[in-house]
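Visitor: My questions will all concern the structure given below.
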Amino acid sequence: SVQHRGGGGRQCTAIWTAGTFAYRCKTCQINDSSALCVECFRRGNHEGHDYVLYLSEAGGCCDCGDPVSWKACGCCPLHSAQGAAGAAGADALQEDQVALVRGAAAVVLRR
């Protein structure tokens, strides 16, 4: 299952559990563990890219909009710098919420 928390920020907040489908795009990812939730992948433009749909064994989190994990050209319109800047009334995640999501993802990925 995928849980989307918050929203409207520059980075997707989707966290998924084991047994959930996700995508990896070798053309767009910055490291081997970078991944996208199905929704962000489908909204993005990955035509002609080297990507794979996989069944997550340990769970994970979506890296769409995270400049440390994902190239800007591979982000969906909701999480690209341009899309986030143009989203009217969007609530950006607070620093402590981002830290909480990353901490939860780290715990899930260690299992």
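Visitor: Just to be sure before I move on: is VAL68 free of Cβ contacts under 8 Å to residues at least 40 places away in the same chain, in a strand (DSSP E or B) and surrounded by fewer than 19 Cβ atoms within 10 Å (Cβ to Cβ) in the structure I sent?
Guide: Details: free of Cβ contacts under 8 Å to residues at least 40 places away in the same chain: yes; in a strand (DSSP E or B): no; surrounded by fewer than 19 Cβ atoms within 10 Å (Cβ to Cβ): yes.
So VAL68 fails the test.
Visitor: Only residues that are within 19 Å of ILE15 (Cα to Cα), at pLDDT below 90 and among the small types (Gly, Ala, Ser): list them for region 57-104, please.
Guide: Matches in region 57-104: SER80, ALA92, ALA99, GLY103, ALA104.
Visitor: While we're here: GLY9 passes all but one of (1) at pLDDT 90 or above; (2) of a type in the set (Gly, Ala, Ser); (3) touching a helix residue (DSSP H, G or I) at 6+ places or on another chain (Cβ under 9 Å); which number fails?
Guide: Of the numbered conditions (1) at pLDDT 90 or above; (2) of a type in the set (Gly, Ala, Ser); (3) touching a helix residue (DSSP H, G or I) at 6+ places or on another chain (Cβ under 9 Å), the odd one out for GLY9 is (1).
Visitor: For region 32-60, how many residues are within 20 Å of ALA81 (Cα to Cα) and either part of a loop (DSSP other than H, G, I, E, B) or open to solvent by less than 70 Å² (accessible area, probe 1.4 Å) (or both)? Working first, answer last.
Guide: The first filter runs over region 32-60 and keeps only residues within 20 Å of ALA81 (Cα to Cα), leaving 34-46.
Now narrow it down to the ones that are either part of a loop (DSSP other than H, G, I, E, B) or open to solvent by less than 70 Å² (accessible area, probe 1.4 Å) (or both): 34-38, 40-41, 44-46.
Residues that pass the stated criteria total 10.
Visitor: While we're here: Since VAL52 meets every condition but one in (1) modelled with pLDDT under 90; (2) more than 16 Å from ALA106 (Cβ to Cβ), which condition does it not meet?
Guide: Against the list (1) modelled with pLDDT under 90; (2) more than 16 Å from ALA106 (Cβ to Cβ), VAL52 comes up short only on (1).
The values are calculated or read from the model by the stated rules, or taken from the named source; none is laboratory data. This structure is a prediction, so every number in the text was calculated from the model and none was measured. Here Cβ is always computed from backbone atoms with ideal geometry, including for glycine, and neighbour counts include all displayed protein chains. Please note that ligands, DNA and RNA were not included when accessible areas were found on the heavy atoms of the full protein model with its side chains. Shrake-Rupley method; radii C 1.70, N 1.55, O 1.52, S 1.80 Å.
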